[in-house]
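Report on the following structure.
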């Protein structure tokens, strides 16, 4: 009958996790794994043999033996000890190589898995982010600890079997007492391992919050506001509160660990003391030889050391494997969306939203409610709405970062769910509102927009010229090879990088999206939000030329940027309230006309105030 108690289930989970860790360790480097096992066995045999040769040497000396026998035992003991030392150092070298291979394999597999997530659902889930952080931290620790555990158990068993055989020859009862003395330590270490895992889980949220405040206090982008608004002390207190919370958990665990291990050490010392006293009295009675005393003392120390190491390995492996379960959970996490198997054809007809309903979680409010519109191939569609209307969500659905709960998004009549992620996104180019600023060179920052063309300086320069950033780049110390970072140094010369203004960074992001010159759909989400009026006008003039004949989705709070779109859709609270071209919407006198007139009046009042 199968035991389904919580303890039994936990043990089965631990065994399965341990097996998964060992499989990963084997796959990382089978030859290193075999070499570790062989060297471990050989090294473990040496310790009991050294003690045995020591006993023979002492007995030979005390009874006045021959010089040849004394020399033989002394040389044999020294050679065996030297072999043990060599095995120990070789094992350390092989372990370092194997640990490195395991770390590389574990991280490679983990981030291959995260790259396989086609959408954003997991990356916008704080709970998953906590698990991912634990998975990153335990990616290599779990397999390495599992292999270390197997290595330690093999070493302990081989060593103990040899020593226990010698102890049993001197005093059989003592062999059993030493084994019984190890049981409390084993139970205690398992309990401590559970507490270590609970503490790691409890401190994970504190650690993420601590890293958040640390980044605010050191990030050059946050430095201005931190100093202007006097936020340094506030963020520092937040960092210290988070640090205090995590340390409180760990210090409390350290106290329990110290008390438990102190008690176990005293128990071991008491058992050893009693045993040595008994053996010493047997020597006085002539029942044992002085060599037997040396052998027994060595054996007691060896068995207790092996047991202590094994118990410690059990605790360390249990802690690491319980955390490694987070790694396996992430690796086994089902994909957030299925990848289609159809290749995305060139856009000839339209991208359509057909009665699309969407929300980010089952218990969250609807962000989009029955949205339907079409973006005809070769035309420009403007998307307008106040903050929170759902514009960015529409962009995420168009890129298939999420799937709608109801309705569908189609590409020339094909549901995006049926198209392959890579083939769909290869036909898209986008400048997102929250664009990235990479700590890379200017050329790399632009070139990552299309890796297939990133090796073409001419193409990168053309995109920079279209985004009106080329002239600024030519004034940099190394032109397109200048590092845009205050965090890293240029590797070759160890030169510090430079930083761009917000508007210049936006132009770099725009140039990045223009790298895909043959993209079927160009998505521009607030492409000029950080630009001044002259720069905005120039950018939109350039983009008009670039977009001619292309399919474009334009999103902007500045309605002058979308007035020339072929069709404009007004989104309000997740529903479409108006649509048409600029003139039609102005005549309708609805939300678009009100927003446009308000902005135009604001520009006019600003101009009159400047010249009045």
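The values are calculated or read from the model by the stated rules, or taken from the named source; none is laboratory data. This one's a predicted model, so the numbers in the text were calculated from it and none came from an experiment. Quick reminder, even Gly has a Cβ in these numbers, built from the backbone with ideal geometry, and neighbours come from all protein chains shown.
One residue is enough: does segment 357-369 have a residue meeting the conditions assigned to a loop (DSSP other than H, G, I, E, B), in contact (Cβ under 8 Å) with a residue 12 or more places away in the chain and either in contact with a helix residue (DSSP H, G or I) (Cβ under 8 Å, 6 or more places away or on another chain) or not assigned by TED's automatic domain parsing to the domain that holds residue 550 (or both)? Within segment 357-369 (the criterion being assigned to a loop (DSSP other than H, G, I, E, B), in contact (Cβ under 8 Å) with a residue 12 or more places away in the chain and either in contact with a helix residue (DSSP H, G or I) (Cβ under 8 Å, 6 or more places away or on another chain) or not assigned by TED's automatic domain parsing to the domain that holds residue 550 (or both)), the answer is yes, since at least one residue qualifies.
Selection of segment 561-575 for residues being buried (at least 19 other Cβ atoms within 10 Å of the Cβ) and either within 17 Å of residue 388 (Cβ to Cβ) or outside the structural domain of residue 366 (by TED's automatic domain parsing) (or both) yields 569, 570, 571, 574.
Regarding segment 412-427, can at least one residue be identified that is at pLDDT 90 or above, assigned to a strand (DSSP E or B) and surrounded by fewer than 21 Cβ atoms within 10 Å (Cβ to Cβ)? So far as segment 412-427 goes, yes, one or more of its residues are at pLDDT 90 or above, assigned to a strand (DSSP E or B) and surrounded by fewer than 21 Cβ atoms within 10 Å (Cβ to Cβ). Just for segment 379-394: of the residues that are surrounded by fewer than 20 Cβ atoms within 10 Å (Cβ to Cβ) and under 21 Å from residue 360 (Cα atoms), which one is modelled with the highest pLDDT? Filtering first and then ranking leaves 392. Does residue 94 satisfy the condition of being farther than 30 Å from residue 398 by Cβ, in a helix (DSSP H, G or I) and at pLDDT 90 or above? Yes: the conditions hold for residue 94. Of all the numbered requirements in (1) at pLDDT 90 or above; (2) farther than 30 Å from residue 484 by Cα; (3) in contact with a strand residue (DSSP E or B) (Cβ under 7 Å, 6 or more places away or on another chain), residue 521 misses one, and that requirement is (2).
The requirement of being in contact with a strand residue (DSSP E or B) (Cβ under 7 Å, 6 or more places away or on another chain) and in contact (Cβ under 8 Å) with a residue 12 or more places away in the chain is fulfilled nowhere in segment 307-325; no residue meets it. For beta carbons closer than 6 Å, sequence separation of 6+ or different chains, a first residue in segment 133-149 that is under 16 Å from residue 97 (Cα atoms) and a second that is surrounded by fewer than 23 Cβ atoms within 10 Å (Cβ to Cβ), the qualifying pairs are 140/103; 144/99; 145/316; 146/18; 146/22.
On the stretch given as segment 265-290, residues that are buried (at least 20 other Cβ atoms within 10 Å of the Cβ) and modelled with pLDDT of 75 or more total 0.
Looking for something part of a helix (DSSP H, G or I), at positive phi and in contact (Cβ under 8 Å) with a residue 24 or more places away in the chain - is there at least one such residue anywhere in segment 462-482?
yes
Kindly provide the set of residues from segment 370-411 that are under 29 Å from the mean Cα position of the chain (by Cα) and assigned to a helix (DSSP H, G or I), ordered by number. Selection gives 392, 393, 394, 395, 396, 397, 398. Taken over segment 119-149, the criterion of being more than 17 Å from residue 327 (Cα to Cα) and either touching a strand residue (DSSP E or B) at 6+ places or on another chain (Cβ under 7 Å) or surrounded by fewer than 20 Cβ atoms within 10 Å (Cβ to Cβ) (or both) is satisfied by 119, 120, 121, 124.
Take the conditions under 20 Å from residue 299 (Cα atoms), modelled with pLDDT of 85 or more, over 28 Å from the mean Cα position of the chain (by Cα) and surrounded by 15 or more Cβ atoms within 10 Å (Cβ to Cβ) and apply them to residue 80. Does it pass? Considered against the rule, which asks whether it is under 20 Å from residue 299 (Cα atoms), modelled with pLDDT of 85 or more, over 28 Å from the mean Cα position of the chain (by Cα) and surrounded by 15 or more Cβ atoms within 10 Å (Cβ to Cβ), residue 80 comes out as yes. Please state which of the following conditions residue 442 fails to meet, knowing it meets all the rest: (1) touching a strand residue (DSSP E or B) at 6+ places or on another chain (Cβ under 9 Å); (2) surrounded by 19 or more Cβ atoms within 10 Å (Cβ to Cβ); (3) within 29 Å of residue 571 (Cβ to Cβ). Answer for residue 442: the failing condition is (3). Filtered by the rule that a residue be out of contact with any helix residue (DSSP H, G or I) (no Cβ under 6 Å at 6 or more places or on another chain) and either surrounded by 19 or more Cβ atoms within 10 Å (Cβ to Cβ) or modelled with pLDDT of 70 or more (or both), segment 300-315 gives 301, 305. Among residues belonging to segment 83-118 that are touching a helix residue (DSSP H, G or I) at 6+ places or on another chain (Cβ under 6 Å) and farther than 21 Å from residue 24 by Cβ, point out the one that is surrounded by the fewest Cβ atoms within 10 Å (Cβ to Cβ). Once the filter is applied, the top-ranked residue is 88. Only residues that are outside any loop (DSSP other than H, G, I, E, B) and more than 12 Å from residue 498 (Cα to Cα) were counted across segment 442-461, and they come to 13.
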